[in-house]
Amino acid sequence: MNHLKDVPLNKAYLLLNHGPSTIVTSEHEGVANVMAAAWVMPLDFDPPKLMLVLDRNTWSRHLVEGSAAFVIQLPTRQQAELTLAVGSSNGGEGNKFEQLDIRTSRAKQVEAPIVDGCVAYLECKVISEPHNQEKYDLFIAEVVAAYADERAFSNGRWHFPSDELRTIHYQAGGAFFATGEAFQVSRG
């Protein structure tokens, strides 16, 4: 965790704009949960906002509705098995943190755990939109803190010095792919 550096909030969207799979943590009244989420996207720059789809049948949905907060974290290639595991079990049936031996720390601005070893974190407070939440399972949130592993994200850019630090993208049936090589083109 000593490689984590704050990301300016007006640049927080850059952590998500390459479409990685995410892990969501939440906590309400001392009960915490962790789940995987593929449907997370940046929405606005300043103040920074994002959207998260949370099915009404998930335990995390219950906790997020109670606390009005959650943390989005970007797991690495090394955490693909963990990502699949937290996305394949129901937190209402037991403590996934204990069952899966997940190491955690505490978020900086919201009441929730964070999964150690991820390359980026976005702490969020829900902006109440009852219609969107009920009809579409869509949560809009303001990012109140953002930080990333400087070995993989600095100066507003992702750069992956090793395969172990690459973010991941979920396809289906346990299949992932790692974020590829960056390249730049110039206009004109």
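The values are calculated or read from the model by the stated rules, or taken from the named source; none is laboratory data. Keep in mind it's a predicted model, so treat the numbers as computed, not measured. Positions of Cβ are generated from backbone atoms using ideal geometry, with glycine treated the same way; all protein chains shown enter the neighbour counts. Heavy atoms of the whole protein, side chains included, go into the accessibility calculation; ligands, DNA and RNA do not. Shrake-Rupley method; radii C 1.70, N 1.55, O 1.52, S 1.80 Å.
Val64: at pLDDT 95 or above, more than 26 Å from Ala182 (Cα to Cα), open to solvent by 40 Å² or more (accessible area, probe 1.4 Å) and among the aliphatic types (A, V, I, L, M), yes or no?
Details: at pLDDT 95 or above: yes; more than 26 Å from Ala182 (Cα to Cα): yes; open to solvent by 40 Å² or more (accessible area, probe 1.4 Å): no; among the aliphatic types (A, V, I, L, M): yes.
Criteria not met by Val64.
Only one residue in Asp137, Asp149, Asp116 is in contact with a His (Cβ under 6 Å, 6 or more places away or on another chain) and at pLDDT 95 or above. Which one? Working first, answer last.
Values: Asp137 fails: in contact with a His (Cβ under 6 Å, 6 or more places away or on another chain); Asp116 fails: in contact with a His (Cβ under 6 Å, 6 or more places away or on another chain).
From the options Asp137, Asp149, Asp116, the qualifying one is Asp149.
Identify the residue in region 36-67 that is part of a loop (DSSP other than H, G, I, E, B) and of a type in the set (Asp, Glu) and, among all such residues, is nearest to the chain's Cα centre (by Cα). If you could, list the steps in order and put the result at the bottom.
To start, the set of residues in region 36-67 that are part of a loop (DSSP other than H, G, I, E, B) comprises 38-39, 46-47, 54-58.
Going one step further and asking which of them are of a type in the set (Asp, Glu), we end up with 46, 55.
Numbers: Asp46: 19, Asp55: 16 Å.
It comes out as Asp55.
Mind checking which residues of region 15-35 are under 19 Å from Arg77 (Cα atoms) and either open to solvent by 40 Å² or more (accessible area, probe 1.4 Å) or more than 11 Å from the chain's Cα centre (by Cα) (or both)? Spell out how you get there, then give the answer.
Kept after step one, since they are under 19 Å from Arg77 (Cα atoms), are these residues of region 15-35: 15-25, 34-35.
Within region 15-35, Asn17, His18, Gly19 meet the criteria.
Using the structure shown, decide if Val24 is outside any helix (DSSP H, G or I) and either touching a helix residue (DSSP H, G or I) at 6+ places or on another chain (Cβ under 7 Å) or within 17 Å of Leu100 (Cα to Cα) (or both). If you could, list the steps in order and put the result at the bottom.
Values: outside any helix (DSSP H, G or I): yes; either touching a helix residue (DSSP H, G or I) at 6+ places or on another chain (Cβ under 7 Å) or within 17 Å of Leu100 (Cα to Cα) (or both): yes.
The answer is yes for Val24.
Can you go through Val53, Val7 and tell me which one is among the β-branched types (Val, Ile, Thr) and either closer than 20 Å to Tyr147 by Cβ or surrounded by 23 or more Cβ atoms within 10 Å (Cβ to Cβ) (or both)? Step through it out loud before you land on a result.
Working: Val53 fails: either closer than 20 Å to Tyr147 by Cβ or surrounded by 23 or more Cβ atoms within 10 Å (Cβ to Cβ) (or both).
From the options Val53, Val7, the qualifying one is Val7.
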